[in-house]
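Nothing in this text is a laboratory measurement; each read-out follows from the coordinates by a stated rule. Note that the coordinates shown come from a computational prediction; the quantities given were computed from them, not determined experimentally. Please note: Cβ atoms are built from the backbone with ideal geometry, for glycine as well, and neighbour counts cover all protein chains shown.
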Amino acid sequence: VALIERAQAGQPAAIGRLISRAEAGTAEAREALARIYQLAGRAHVIGITGVPGSGKSTLVGKLAEKLRKKGTKVGIVAIDPSSPYSGGAILGDRIRMTELATDPGVYIRSMATRGATGGMARAALDAVDILDVAGYQTIIIETVGVGQDEVEIARASHTTVVVSAPGLGDEIQAIKAGILEIADIHVVSKCDRSDANRTVTDLKQMLMLGLGDAPKSGWSIPVVGTSAISGEGLDDLVTAIGRHRSVAFDTESGRRRRIDIARFRLRKTAENLLLERFAQDIDACAAPLVEQLAGRTGDPYSLAEELLKLIAREETP
Ligand SMILES: Nc1nc2c(ncn2[C@@H]2O[C@H](COP(=O)(O)OP(=O)(O)O)[C@@H](O)[C@H]2O)c(=O)[nH]1
Ligand SMILES: [Mg+2]
């Protein structure tokens, strides 16, 4: 409890420790996280996704700078081990990134992609709540747009930004089809490159053909071209994000989105608990069944059914 209070006061050490506990996902951590969940709910959560190399981390850095100039406290949760927030050079921009990292109004946390079984989404969303309670007003989650979990995390935000870069082949764009449709805002990064126009046009065309998500009531999905080099489009992006924030917080469709997020959260958390209990019980119950399976006196399907029944019986006292 004292730890939560210190996090609420914005103490980085307390915030860091809580996030580490969330990552570890111990039963002890759960008590604190349960309280934190109820205290949270003020921050605007932005999910940023896109294929590796599309320019997400660079964009997040630029976006954070812009938001800081408006006085907004920014939390960043990077679910991308290659994110260069901690010292790596972006466009030779290491110094500014370091500045960002030492600004007390910015909290940056990278999280491992492979933690406890399926626990990444849960841990990331717990981290968002911790930053929320610590007073960060805008929280950005950066996830690599590969893998179902990563896409779902980006979706479990109030505003989802999908980053596309020019010059990616049609093949890659096709792979991305699954993430293009979750965008509330499209960004085409690297607009300093001459082939960026083509990507902007392609995306706009796709939206016009209705290949994107079903029209979200009252919101037409913008396509914003940005360049981290010239700074082009960054203000437009901040404006678009601000407009979408109003949709997310003040409209019926925003309320529905919250319900969807809550459903995802509940499902993920239950999934986690289930897997955890399963892992605990399975070895104790499974030995005789494994013998049968190895001896071919039983089949995997019937024995798996039997295993589930055994576990369920253990759980109901
Ligand atoms: N020319 C240009 N390069 C960029 C821009 N933004 C990012 N990059 C480069 O694209 C590469 C990938 O950037 P990064 O932000 O790490 O992408 P991520 O993997 O999506 O997080 C890096 O080499 C960046 O320097 C941009 O606006 N213009
Ligand atoms: Mg990155």
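Quick look at the numbers
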{"read-out": "For V51, residues with placed amide H under 5 Å, excluding near neighbours", "value": "G145"}
{"read-out": "For C191, distant residues with modelled amide H under 5 Å away", "value": "T226, S227, A228"}
{"read-out": "Karplus-derived 3J(HN,Hα), 6.51/-1.76/1.60, for each residue of the stretch 282-295, Hz, glycine and proline x", "value": "4, 5, 4, 8, 7, 3, x, 5, 4, 4, 4, 5, 4, x"}
{"read-out": "Table column - 3J(HN,Hα) (Hz), the stretch 218-233, Karplus curve with 6.51, -1.76, 1.60, x for Gly and Pro", "value": "x, 10, 9, 6, x, 10, 10, x, 10, 9, 6, 7, 8, x, 4, x"}
{"read-out": "Crossing angle, helix 56-69 versus the chain [Cα axis fit, 0-90 degrees, rounded to tens]", "value": "60 degrees"}
{"read-out": "Mean projected area in nm² (Cα convex hull; one quarter of hull surface) for the stretch 205-275", "value": "7.3 nm²"}
{"read-out": "Volume per residue of the C-alpha convex hull in the stretch 181-317, rounded to whole Å³", "value": "219 Å³"}
{"read-out": "Cα-Cα over 20 Å, subset of K56/K190; K66/K190; K69/K190", "value": "K69/K190"}
{"read-out": "Gyration tensor (Cα) of the chain, equivalent ellipsoid semi-axes in angstrom", "value": "37, 25, 19"}
{"read-out": "Cβ crowding within 10 Å averaged over residues, with 304-313, 19-28 ranked highest first", "value": "19-28, 304-313"}
{"read-out": "Karplus 3J(HN,Hα) series, Hz, for the stretch 18-28 with 6.51 cos²θ - 1.76 cosθ + 1.60 (x for Gly, Pro)", "value": "5, 5, 4, 5, 4, 4, 5, x, 6, 4, 4"}
{"read-out": "The chain: relative contact order in percent, alpha carbon pairs under 8 Å with at least 6 residues between", "value": "19 percent"}
{"read-out": "Amide hydrogen neighbours beyond the local backbone of A78, cut-off 5 Å, H modeled", "value": "R109, S110, M111, E142"}
{"read-out": "The chain, helix-only ellipticity at 222 nm - DSSP H runs n ≥ 4, -39,500 (n - 2.57), divided by all residues, nearest 500", "value": "-18000 deg cm²/dmol"}
{"read-out": "R256-D299 FRET efficiency (beta carbon distance; Förster radius 35 Å; 0.05 resolution)", "value": "0.20"}
